[in-house]
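Structure record follows, encoded as structure tokens.
The values are calculated or read from the model by the stated rules, or taken from the named source; none is laboratory data. Keep in mind it's a predicted model, so treat the numbers as computed, not measured. A quick note on method: Cβ atoms are made from the backbone with ideal geometry, for glycine too, and the neighbour counts reach across all protein chains shown. Just the protein is used for accessible areas: all its heavy atoms, side chains included, with ligands, DNA and RNA removed. Shrake-Rupley method; radii C 1.70, N 1.55, O 1.52, S 1.80 Å.
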Amino acid sequence: MPARLHLLATLLLLAPSSSGTHYATLGVPSDATEVAIRHAYRRAALAHHPDKARGRTRPERDAAARRMERLNEAYAILSDAAARRRYDYERLALAASGG
């Protein structure tokens, strides 16, 4: 993996999701298949895309953009098998340590 891509993956892996987990962000269980993750992402992206917020107030547009960023972050991790394994490992290790 190129160093730049590895750094990006690490940053995404460690980035907190305001809804708890990347799984919660996409609305899928932690044992979801790749297909289920892809479908959940596509549904959520269509529903929350910032372009759909045109004509709304500035705070509503900003909220839509933040939601889309969280969706993209969650999908980037969960759609990549290696990144997902690292994410699950870190998530379970954090839970086991009481954090």
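Here are the numbers:
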item	result
For region 13-99: relative contact order, % (alpha-carbon pairs under 8 angstrom, 6 or more apart)	34
Full-extension gain in nm, Leu94 to Leu46, via 0.36 nm per residue minus C-alpha separation	14.1 nm
Inter-probe distance in nm under a simple model that places probes 7 Å from Cα toward Cβ, at Asp31 and Arg66	3.4
Accessible area (Å², 1.4 Å probe, nearest 10) - Arg38	80
Contour excess over end-to-end distance, with Cα ends at Ser79 and His39 and 0.36 nm allotted per residue	13.3 nm
